[in-house]
Every structure is written in structure tokens, then in C-alpha cells.
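Below is one structure, written out as C-alpha cells; the observations come after it.
The values are calculated or read from the model by the stated rules, or taken from the named source; none is laboratory data. On a predicted model such as this, the values are computed, not experimentally measured, just so you know. Quick reminder, even Gly has a Cβ in these numbers, built from the backbone with ideal geometry, and neighbours come from all protein chains shown.
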């Protein structure tokens, strides 16, 4: 379970960097009553804040971080509170959009993963022991699973829409190389306009079978009719030539990796979340209730996401 704790800490560090106006820099303790924040129609309960704080503090202690009473401990806790709060705000935005799209993780979905972890650990008692040794609990595990499933499902939905929009633009006469440079998550081929070179049969056979099948199914000069889902994400493929040496391929990847973690969060997806937070702020639907001195609303307007990047669009109807 240590990996789960590390990923949660990494998420908090990322959010601390991208939401500079969020949380309290004063280090004051949250009010013991009521929610810690409101995002749209959803309140973030103090119990969830406390749960994540306890998990993060345990991970820091196990990693040799500052101990209570030591120099730097109070400053660390102040930064951690802000980071945890930001992660909860992001997760609330994701959860509300997932609910709107009817893809949110259900209690049964979460329990199914808990049961799988339990089987892999040798039973529920063994799982609880492992969690406790890592400074966690079943409640913390359920919280992490729900947040991860919601983000994975929403990112997948956005990626599919983004890739479909790219295919439609190409079919309407769009330039493949220009779109690849602008939108592809394939960092190797992107700067070459999506050109991945000639893929031999041996190279195709050694890679993702779905990708290989899609390439082999295309004739020379043909573009895929719809994005192809493989383990990397959604593939927009064009075969330029088929020779004895192999298939000459151009590729635009919209990342939606399996398995998915916050470390693989694409920049365009993060930007869509920041845009959603900015919209909540403009509508006066985002407020932090545990620090009156600072609020999470971004003062500067978020840079616009590409037209092919769907974003959560909070509205009173939600």
C-alpha cells in the first residue's frame, strides 16, 4: 500500500505547484465543524480533509520528514494543509463532472477494488495490517480508489472526445503534421509532425497488438475512420505507404494510459481542470471555509485549452 501513499503525495505536490492561490499560508488549523470548502453544489467535509491529512502526515513521517515539535514541522504542516485542500478541490471538480456524465465510481466499484486488494494481501485482516503499517486505513484506501477511478474515467472520456475531434478535423482537410505538433502526446514523433517512420512486421509484432492490428488494417494513404483505443490511449493513425520493409505511419496520440495515475496526467487534461476551476471562481461557486485570508480562485485567467480539448463546464443546472 506504500505506492498508493506515494502517489497521493505526488498528486498533492503537483497541485501545490499549479494552484498557487489556493489554501491557507498562515498555517491556521481548520475549523473543527462544518465543511472545509464548497465547489459548485458539493461540500468537502472536514472528515475527508482530516483523512487525507492523517495519511499524508504518516507518509512524511515514514519518509524521514520533520517530526512534531522539530524545527520546520509547523511550516511543513501549513504547506501540507494547502496541498491536501487543493487535491480535494481538484477531486471535487472531477467527481462532479464524472457524475454529470454518469461515469462516476459507485460504492460497488470501489468495494470491488478493495476486495481485489484484500485477496491480493491474503485477506481483509492482512490488508488492514498493511494499511496501518503504511499509516493508512480502509477509509483512506476507499477515498484514494474513488478519486483515482473518477479521474481515470473522466480523462478517458475527454481523451476519446479529443481524438474524435482530431479525426473529424483531418477528414475536413486539416493538416496532419500541424495537428500532431500541436496536439499529440507522443513526445518522440510530435516534433516530426507525427511521423513514426517505417514499422516492420517484427516491430509491430513486438508492440501493442491493438496498435499493430490497426496499422495492418489500413491501406496506403488511408486514415483511420475513428480513434483506436490501445494501452497508450487513443491513436489517430495514417498509413502513408506499405512496402516489403513495412508500414510508413503517421501518428497522433491522445494519452489515456492503462494503468492510469496522476503521474501520467496529460498537460491538456490538467489545463481543462484548471479552466473548470477558473469557471467555478467566475461563477462564485468555489470557496474555502477554513481560511478567510486566502481563496483558491485563480486571479489570472487560465490559458485557453485547444478546441479539441473538452473541459468540465460547471453550471447551475448541475
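Considering (1) crowded, with 19+ Cβ neighbours inside 10 Å; (2) at pLDDT below 95; (3) over 24 Å from residue 148 (Cα atoms), say which one residue 306 fails and leave the rest.
Unmet condition: (1).
Looking only at the range 290-302, filter to residues that are in contact with a helix residue (DSSP H, G or I) (Cβ under 7 Å, 6 or more places away or on another chain) and modelled with pLDDT under 65; which one of those is farthest from residue 168 (Cα to Cα)?
First, pick out the residues of the range 290-302 that are in contact with a helix residue (DSSP H, G or I) (Cβ under 7 Å, 6 or more places away or on another chain): 296-298, 301-302.
Narrowing further to those that are modelled with pLDDT under 65: 298, 301-302.
Numbers: 298: 33, 301: 29, 302: 26 Å.
Ranking the qualifying residues of the range 290-302, first place goes to 298.
So which of 144, 151, 161, 169 is touching a helix residue (DSSP H, G or I) at 6+ places or on another chain (Cβ under 7 Å), under 19 Å from residue 228 (Cβ atoms) and assigned to a helix (DSSP H, G or I)? Talk me through it step by step, then tell me what you get.
Working: 144 fails: under 19 Å from residue 228 (Cβ atoms); 151 fails: under 19 Å from residue 228 (Cβ atoms); 161 fails: touching a helix residue (DSSP H, G or I) at 6+ places or on another chain (Cβ under 7 Å).
Unique residue meeting the criteria: 169.
Any chance you could count how many residues in the range 233-289 are surrounded by fewer than 18 Cβ atoms within 10 Å (Cβ to Cβ), under 17 Å from residue 161 (Cβ atoms) and at pLDDT 95 or above?
Qualifying residue count, the range 233-289: 0.
Would you mention how many residues in the range 176-230 are in a helix (DSSP H, G or I) and either surrounded by fewer than 19 Cβ atoms within 10 Å (Cβ to Cβ) or in contact with a helix residue (DSSP H, G or I) (Cβ under 9 Å, 6 or more places away or on another chain) (or both)?
First, the residues of the range 176-230 that are in a helix (DSSP H, G or I): 176-183, 190-192, 201-206, 209-217.
Retained after the next criterion (residues that are either surrounded by fewer than 19 Cβ atoms within 10 Å (Cβ to Cβ) or in contact with a helix residue (DSSP H, G or I) (Cβ under 9 Å, 6 or more places away or on another chain) (or both)): 176-183, 190-192, 201-206, 209-213, 215-217.
Final tally of qualifying residues: 25.
For the range 35-126, list the helices (runs of 4 or more DSSP H) that sit wholly inside it and hold at least 2 residues that are buried (at least 20 other Cβ atoms within 10 Å of the Cβ); which are they?
Per the criteria, 46-62, 73-100.
Looking only at the range 35-80, how many residues end up being in contact with a helix residue (DSSP H, G or I) (Cβ under 7 Å, 6 or more places away or on another chain) and at positive phi?
Residues flagged as in contact with a helix residue (DSSP H, G or I) (Cβ under 7 Å, 6 or more places away or on another chain) and at positive phi within the range 35-80 amount to 1.
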